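**Q** If you scroll down you'll find the structure; I have some questions about it.
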Amino acid sequence: MNNASEFELGQIFKEFGEERYANVLAKKVIQMRSGTILGTPTDFKNVIKEAFPRSSYAERNKVTKRAFQAVRIAVNQELLSLKTFLEKCPELMEFDKGVNITSGNNSLLMILTFHSLEESMVMAAMTQWKRRKLGQYATKKFPILPSEEELEENSRSKSAKMYSFLFGPEI
C-alpha cells in the first residue's frame with residue numbers, strides 16, 4: 001500500500017477486488033499517503049471514506065470489502081497458490097499401475113471457494129480435467145452452497161461454495 005504506484009494499486013483493486021472504481025481508489029490512496037504512512041486497516045478505511053464521500057454506507061462497505069480482498073489476495077499471492085495447486089492436482093491424484101495411490105480406485109477432491117476469482121479458476125480446472133477424462137464431477141457441475149441452517153450458525157459462510165471432483169475411471 002505504501003510503496004505501490006497508482007497504476008499498480010489500480011491493477012490490484014481492479015483484478016483482485018473486481019472494483020469498478022479501482023482508479024479512483026488508487027488515486028485517493030496516493031493522495032492520502034503523501035507525507036504519511038497508511039499503517040492500519042482504519043487508515044485504509046478512511047481513505048475509502050474520503051474517496052467516496054457521497055456513497056451510501058452500504059455501497060462504501062462493499063467497496064471496502066472488495067478493496068481489502070484485493071490487497072489480501074495480492075499480498076498473500078492467493079491466486080498463484082491456487083493456480084499451482086490446481087495444476088498439480090492430476091499428478092497428486094495420479095494412478096500408479098491402475099491402483100490409486102490414496103485409497104481404492106478413486107480420489108475425491110473438494111475445494112471451497114469464497115469469491116468469483118477462485119470460482120472461475122476451479123471451474124476451469126475441473127472442466128479441463130473432465131475433458132482429459134481424468135474423472136468426473138462428484139456431485140454436480142454446480143457448486144454446493146451453504147444450507148439455511150449453516151448460514152444461521154455461521155453468517156460468514158454465505159460466500160462459500162464447495163466444488164467436488166472425483167478423479168479416477170469414469171463411472
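The values are calculated or read from the model by the stated rules, or taken from the named source; none is laboratory data. Here the structure is a predicted model, which means the values were calculated and not measured. Positions of Cβ are generated from backbone atoms using ideal geometry, with glycine treated the same way; all protein chains shown enter the neighbour counts.
Residue by residue, here is whether (1) buried (at least 17 other Cβ atoms within 10 Å of the Cβ); (2) of a type in the set (Lys, Arg); (3) in a helix (DSSP H, G or I) holds:
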position	(1), (2), (3)
Glu118	yes, no, yes
Ala124	no, no, yes
Lys130	no, yes, yes
Gln136	yes, no, no
Thr139	no, no, no
Pro146	yes, no, no
Glu150	no, no, yes
Met162	no, no, no
Phe165	yes, no, no
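**Q** For segment 1-19, what are the residues that are modelled with pLDDT under 90 and surrounded by fewer than 16 Cβ atoms within 10 Å (Cβ to Cβ)?
**A** Those that are modelled with pLDDT under 90 and surrounded by fewer than 16 Cβ atoms within 10 Å (Cβ to Cβ): Asn2, Asn3.
**Q** Being modelled with pLDDT of 80 or more and closer than 12 Å to Pro169 by Cβ is the filter; apply it to segment 94-108 and report the residue that is farthest from the chain's Cα centre (by Cα).
**A** Asn106
**Q** The conditions are (1) within 24 Å of Gly135 (Cα to Cα); (2) at pLDDT 90 or above, and Val75 fails exactly one of them. Which is it?
**A** (1)
**Q** Here's another thing I want to ask about it. Hey, which of the helices (runs of 4 or more DSSP H) in segment 1-87, taking only ones fully inside, have at least 2 residues that are under 17 Å from the mean Cα position of the chain (by Cα)?
**A** Counting at least 2 such residues, we get 6-17, 57-76.
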